[in-house]
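The values are calculated or read from the model by the stated rules, or taken from the named source; none is laboratory data. What you are looking at is a predicted structure, and each value in this text was computed from that prediction instead of being measured. No Cβ is skipped: glycine too gets one built from the backbone with ideal geometry, and neighbour counts run over all protein chains shown. Please note that ligands, DNA and RNA were not included when accessible areas were found on the heavy atoms of the full protein model with its side chains. Shrake-Rupley method; radii C 1.70, N 1.55, O 1.52, S 1.80 Å.
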Amino acid sequence: MTPPASTAPALDLRAAAGGGMVLFRQLFDADTGTFTYLLVDVPSRAGVLIDSVFEQHGRDLSLIRELGVNLTASIDTHAHADHVTGSWRMQQATGCAIGLAAAVGAENVTLPLHHGDRVAFGGRHLEVRSTPGHTDGCISVVLDDHSMAFTGDALLVRGCGRCDFQQGNAHTLYRSITEQILSLPAACLLYPGHDYTGRTVTSVAEERAFNARLGGAATERDFVGHMENMKLPHPHRIAEALPGNMRSGKPRQSGTGAGQPAPDEVWAPLGRSYAGLPEVTPDWVARHSDQLTILDVRSLEEFGGPDGRISGSLLIPLPELEERAGEIPAGAPVVVVCHSGSRSALATQQLLKAGRLQVANLHGGLARWADGGYPLEGVVAS
């Protein structure tokens, strides 16, 4: 179930970007060693997502919504063999374009990319460079000012993508890297599609000097000799990943699998904060309050105080929750509330850890509930 859209937060995006005009976030999927990247043009709040992971859709979408980003495109640098893209899910959630090299020939792509294309996001753009050799459909994307490039699996930190399947060719990859990536300015930062040892970024200057396969005095002959003798096993998820990526990450029509809604998410249109917490909006709670247990975890004094309380809510102060959890009715989903959503976030985490599946935090707490004009009992006018 797609989480509900939220209004853009009152967030100074330029401050979030460290004072710059482009906000940049690097995200990581530990299971596959995959990096996902978010770039946002600060003045317009338009953004692009690069190399998303199907199972990390909720995390990525939560960040996009918390920052108030209008996603222009979800781009993949190639048809991955080790994970399924989240592009189709992101399109369903945001309406963004799905970008992939036209050479891949995948289904559901709405932005087929070619060498020299530009992918605009607000006042900025990414330059598309064809970098085949790992696969025929590999691209690298370069920020318009050539300060950073996203190289997918073509060039990794002190390494590169393999060339022994998916139309791989070591001669082609050598030319792609040397002509399209290492030809960028020496100061250009390079962000890879993967790393398995904690290396997150490199630079053109470093890779020209130190890349073990083609840096320093290495020639094309040296590179090809290295690549053709690596004898690597096939990626263990290739049978799942390639068909999924040829659908741009769209699940098959029947059956279940990665990314299908978990049973505990069917009861409500859950949003998830970037911190990973399930949340519901005041509007949804107000319309379904007769079907819920609304658990207030403030103190007894606050519950009876001037801020008021939601009608029919159950009071169990947070310090007492662990030993009194048995008092929470078992037959209805639980929405946890406090003044701001902070203490109730901790209570939600505690209930989830205790095995309670149908539980969520009230987004913004009673303060947001009151701001929305929803009724509270016992309110004392200021």
Convert 4 °C to kelvin, take the viscosity as 1.567 mPa s, use the Kirkwood radius over C-alpha pairs of the range 135-258 as Rh, and evaluate the Stokes-Einstein diffusion coefficient in µm²/s, rounded to a whole number.
82 µm²/s
A chain fully extended from residue 28 to residue 44 at 0.36 nm per residue, minus the present Cα-Cα distance, gains in nm 3.2 nm
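In Å, what Kirkwood hydrodynamic radius results for the range 79-143 from the alpha-carbon pair distances? Don't skip to the answer; put the middle values down first.
Numbers: mean 1/r = 0.0796 Å⁻¹.
The answer is 12.6 Å.
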Any idea of the accessible area per residue across the chain, 1.4 Å probe, to the nearest Å²?
44 Å²
Carbon and sulfur together cover what percent of the accessible area of the chain at a 1.4 Å probe radius?
52 percent
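Grab the Cα-Cα distance for residue 325 and residue 167, subtract it from 0.36 nm times how many residues apart they are, and report the gain in nm with one decimal. If you can, show how the numbers build up before the last one.
On the way: separation 158, 0.36 × 158 = 56.88 nm, distance 5.75 nm.
51.1 nm is the gain from fully extending residue 325 to residue 167.
Just the number, please: percent antiparallel of the DSSP beta bridges in the chain, rounded to the nearest 5.
On the way: 32 of 58 bridges.
Restricted to the chain, the bridges split so that about 55 percent are antiparallel.
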How large is the accessible surface of residue 174 in square angstrom, using a 1.4 angstrom probe and rounding to the nearest 10?
40 Å²
So if a site counts as exposed when it's one of the GluC sites (Glu not before Pro), its DSSP state isn't H, G, I, E or B, and it has at most 14 other Cβ atoms within 10 Å, what's the longest stretch of the chain without one?
229-382
Pairs of alpha-carbon atoms within less than 8 angstrom and 6+ residues apart define the contacts here; what relative contact order does the chain have, in percent?
13 percent
So what are the three principal axis dimensions of the range 103-197 from its Cα atoms, in whole Å, longest to shortest?
39, 36, 26
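Using R₀ = 51 Å, calculate the FRET efficiency as 1/(1 + (r/R₀)^6) where r is the Cβ-Cβ separation of residue 275 and residue 226; round to 0.05. The partial results should precede the final answer.
Details: r = 43 Å, r/R0 = 0.84.
My answer for the efficiency is 0.75.
How large is the helix-only mean residue ellipticity at 222 nm for the chain, computed as the sum of -39500 (n - 2.57) over DSSP H runs with n ≥ 4, divided by its residue count, in deg cm²/dmol to the nearest 500? All intermediate terms of the calculation are to be shown ahead of the outcome.
Details: 12 runs with 87 residues, N = 382.
It comes out at -6000 deg cm²/dmol, rounded to the nearest 500.
Quick one: work out Rg over Rh on the C-alpha atoms of the chain, Rh as Kirkwood radius. Walk me through the intermediate numbers first.
Working: Rg = 24.3 Å, Rh = 22.9 Å.
On the Cα set of the chain, Rg over Rh gives 1.06.
Using only the Cα atoms of the range 20-138, build the gyration tensor, take square roots of its eigenvalues as a ≥ b ≥ c, and label the shape rounded, prolate or oblate: rounded if a/c is under 1.5, else prolate if a/b is larger than b/c, else oblate.
oblate
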At R0 = 45 Å, FRET efficiency that the Cβ-Cβ distance of residue 266 and residue 301 yields, to 0.05:
0.75
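Find the Rg to Rh ratio for the range 33-90, where Rh is the Kirkwood radius over alpha-carbon pairs and Rg uses the same atoms. Intermediate results must be reported in sequence, preceding the final value.
Numbers: Rg = 11.1 Å, Rh = 11.5 Å.
Ratio value, two decimals: 0.96.
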Once the Cβ-Cβ distance between residue 107 and residue 127 is put in as r, and R0 is 25 Å, what FRET efficiency do you end up with, to the nearest 0.05?
0.45
Would you mind pulling out the separation of the Cα centroids of the range 33-51 and the range 279-309, in Å?
36 Å
Sort out for me the Cα centre separation of the range 82-161 from the range 316-331, rounded to whole Å.
49 Å
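Out of every Cα pair in the range 268-373, what percent are spaced more than 21 Å from each other?
Values: 1349 of 5565 pairs.
Here the long-distance tail beyond 21 Å is 24 percent of all Cα pairs in the range 268-373.
Semi-axes of the equivalent ellipsoid for the range 200-348, please: Cα gyration tensor eigenvalues, times 5, square-rooted, ordered largest first, whole Å.
On the way: eigenvalues 581, 101, 36 Å².
Three semi-axes, in Å: 54, 22, 13.
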How tilted is helix 57-67 with respect to the longest principal axis of the chain? Cα atoms for both, answer in degrees (0 to 90, nearest 10).
70 degrees
